[in-house]
Amino acid sequence: MQSLAPSTRRLYGVGQAHYRAYCLTYMRNPLPANEAQLAEFIAYLADVVKAAPTTIKVYMAAVRTLHLEQGHPDPFEGTSLPHRVFTGVKRVVGTHGQLHRLPITLSHLRAIISGVKRNQQLSPVDQLMVAAASSLAFFGFLRCAELIACKRGEVTVTNEPQRHLLLAIPKSKTDPFRQGCTMSIGCADKANTAICPIELLNTYLAVTSRRSRMPPTLFTYQDGRPLGRQDFIHHVQQALTSQGIQDAKAYLGHSFRSGAATSAAAAGVPDWLIKAMGRWSSNAYQ
């Protein structure tokens, strides 16, 4: 598990400890697990551990990692019973206490940018900042942490061979060796100029370049404070509410990323390309 992030290693460690406890309790051989055993473990997590479906999904991944590290094949590959039991658990247990996150689509993005530009609590420059950040988060398939961490020197607009934006991402959740990557984001068509990340960022950069003291962080308030995750989500939810969008609280930082994948799939973009654009290491985007 050394290639995993420290937080993921901790969660997997807890999941594997539960798996060993289950095996001891019911006298099951831990490795390799068969299909019926995996299904029983999922039921055990739901009934005995009282784990939520999202937690069970993580612990399933932990068991898979345990097998692979010990030289066994993926125990879930080619099986159907564990997945059917997991679906049943979700149906029976539900997601009590969990806020269902909704995806931000193109229509939501238009509403956000329109609502932000009417937010009298923000200065015109700060309105532009939130609008540019929202557009970049969507068209760049960005995680909220990646967006907030963007530096000015990591964004370049070029006209060769066609006008597009280059965004350098030094590190990310699925880049444990910090190799980094550079994303290329094209211009929106004329009908979508108002939500185009290049137009919004160019305007924002031109306005903020007049500041006497230039902070390294890309998205900063007019008073010099960096845009934080909670502030960004608050502005987004506030804008959606002002535009009459229901359940605005269900739109969170990850909603841009999931919404971009949803919109791309609806537009006919193949799965393999969506996975590459979002830098997903698994099929979690589906």
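Could you tell me the ratio Rg/Rh of the stretch 1-57? Both radii from Cα atoms, Rh via Kirkwood.
0.98
Take the stretch 211-286, compute every pairwise Cα distance, and split them into 10 Å bins from 0; I just need the percent in each bin.
Over the stretch 211-286, the share of Cα pairs per 10 Å bin runs 16, 31, 32, 18, 2 percent.
Tell me, what is the Rg over Rh of the chain, with Rh the Kirkwood radius over Cα pairs?
1.04
Measuring from the lowest to the highest alpha carbon on each principal axis, how far does the stretch 140-286 reach, largest first, in angstroms?
45, 40, 37
For the stretch 148-234, what does the relative contact order come out to in percent, with C-alpha contacts under 8 Å and a separation of six or more?
Rounded, it is 27 percent for the stretch 148-234.
Could you give the accessible area per residue of the chain, probe 1.4 Å, as a whole number in Å²?
That works out to 54 Å² per residue.
So what's the projected area for the stretch 86-157, the Cα convex hull averaged over all directions, in nm²?
That works out to 7.7 nm².
Could you sort the peptides 6-13, 153-160 by per-residue average Cβ neighbour count (10 Å cutoff), highest mean leading?
6-13, 153-160
Starting from the eigenvalues of the Cα gyration tensor, five times each then square-rooted, give me the equivalent ellipsoid semi-axes of the stretch 74-228, largest first, whole Å.
35, 20, 17
Could you work out [θ]222 nm for the chain from helices alone, using -39500 (n - 2.57) per DSSP H run of at least four and dividing by all its residues? Round to the nearest 500 deg cm²/dmol.
My calculation for the chain gives -15000 deg cm²/dmol from helical runs alone.
Expected output is a single nm value to one decimal: the length gained when fully extending between Arg84 and Asn29, i.e. 0.36 nm times separation in residues minus the C-alpha distance. What is it?
Gain on stretching Arg84 to Asn29: 17.6 nm.
I need the calculated FRET efficiency for the pair Thr217 and Thr182, taking r as the beta carbon distance and R₀ as 25 Å, to the nearest 0.05.
0.85
Using the basic label-point model (7 angstrom from Cα toward the beta carbon), what is the Asp47 to His254 distance in nanometres?
Taking the two extended label points, one gets 2.8 nm.
Which chymotrypsin sites (Phe, Trp or Tyr not before Pro) in the stretch 19-114 sit in a loop by DSSP (not H, G, I, E or B) and have at most 11 other Cβ atoms within 10 Å of their own Cβ?
Tyr26
Express in whole angstrom the spacing between the alpha-carbon centres of the stretch 1-78 and the stretch 192-207.
Between the Cα centre of the stretch 1-78 and that of the stretch 192-207, the gap is 46 Å.
Which angle from 0 to 90°, rounded to the nearest 10, does the C-alpha axis of helix 106-116 make with the longest principal axis of the chain?
50 degrees
To check my understanding: the extent here is largest minus smallest coordinate of the Cα atoms along each principal axis. What are those three numbers for the stretch 6-114, in Å, largest first?
Dimensions of the stretch 6-114 along the principal axes of its Cα atoms: 59, 30, 27 Å.
The values are calculated or read from the model by the stated rules, or taken from the named source; none is laboratory data. The shown structure was predicted, so the numbers you read here are calculated from the model rather than taken from an experiment. Quick reminder, even Gly has a Cβ in these numbers, built from the backbone with ideal geometry, and neighbours come from all protein chains shown. With ligands, DNA and RNA removed, areas are computed over all heavy atoms of the protein, side chains included. Shrake-Rupley method; radii C 1.70, N 1.55, O 1.52, S 1.80 Å.
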